[in-house]
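All of the numbers you see were taken from the coordinates with simple rules; none came from a lab. Just so we're clear, the structure is a prediction, and the values are computed from it rather than from any experiment. For neighbour counting, all protein chains shown are included, and Cβ atoms are generated from backbone atoms with ideal geometry for every residue, glycine included.
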Amino acid sequence: MATIEGRFTEISTLRIAVVVARFNDLVTSKLLTGCLDCLERHGIDTSENSSQLDIAWVPGSFELPLVAQQLARKGSYQVIITLGAVIRGDTPHFDVVVAESSKGIASVSRETGIPIIFGVLTTDNMQQALERAGIKNNCGWNFALQALEMGSLMGEIESSKLAR
Ligand code: INI
């Protein structure tokens, strides 16, 4: 019997892409800061000339799935993190943006076999979003941790001897 789980071993060699939405960048830039802080503390090179980390900016959360898909298809990254903030108070099409973003990211992840972390905050107002982007907890940190766990887990699956 094999127990398969992300053990956070050999994560320092992962190649990671982060896709960030500019919409509500007061929030998303803080998510990115938390995300990079976590990656750096776990041994990922987050410097300007890093060969294991790339960051792509998109206009809004609606665009996250397409760019994540293009990056996933390159076959260069073991894990992709998407970061966005959709705030209900700002728009009557909150539900459309959230649905397309979440369904799109899930479907791209399954289609490409690359773990894509859904790092999109969905909140009723800006205060709640900011609380999750550093005022209380910085969810960007958690999204990075989930990415490292999934990168590690996928590596485990590839290398483990599973029951046939
Ligand atoms: N995009 C977001 O990431 N968050 C939002 O709250 C938001 N609102 O409020 O509309 C938003 N809209 C833009 C959308 O993601 C697309 O960029 C736009 O519709 C162009 O396709």
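Residue check: is Lys103 among the basic types (Lys, Arg) and without any contact (Cβ under 8 Å) to a residue 60 or more places away in the chain? Steps first, please.
Details: among the basic types (Lys, Arg): yes; without any contact (Cβ under 8 Å) to a residue 60 or more places away in the chain: yes.
So Lys103 fits the description; yes.
Within the stretch 22-56, which residues are touching a Pro at 6+ places or on another chain (Cβ under 7 Å) and either surrounded by 15 or more Cβ atoms within 10 Å (Cβ to Cβ) or assigned to a helix (DSSP H, G or I) (or both)?
Once the filter is applied, which keeps residues that are touching a Pro at 6+ places or on another chain (Cβ under 7 Å) and either surrounded by 15 or more Cβ atoms within 10 Å (Cβ to Cβ) or assigned to a helix (DSSP H, G or I) (or both), the stretch 22-56 yields only Phe23.
Give the residues of the stretch 80-113 that are in contact with a strand residue (DSSP E or B) (Cβ under 7 Å, 6 or more places away or on another chain), more than 11 Å from the ligand (Cβ to nearest atom) and either among the β-branched types (Val, Ile, Thr) or assigned to a strand (DSSP E or B) (or both), sorted by residue number.
Ile80, Ile81, Ile105, Val108
Residues that are of a type in the set (Ser, Thr, Tyr) and touching a Phe, Trp or Tyr at 6+ places or on another chain (Cβ under 7 Å): does the stretch 97-120 have at least one?
yes
Quick one: count up the residues across the stretch 102-125 that are surrounded by fewer than 22 Cβ atoms within 10 Å (Cβ to Cβ) and in contact with a helix residue (DSSP H, G or I) (Cβ under 7 Å, 6 or more places away or on another chain).
So the count comes out to 8.
Residues of the stretch 114-141 being of a type outside the set (A, V, I, L, M, F, W, C) and not in a helix (DSSP H, G or I), which ones?
Listed by number, the residues that qualify are Pro115, Gly119, Thr122, Thr123, Asp124, Asn125, Arg132, Gly134, Lys136, Asn137, Asn138.
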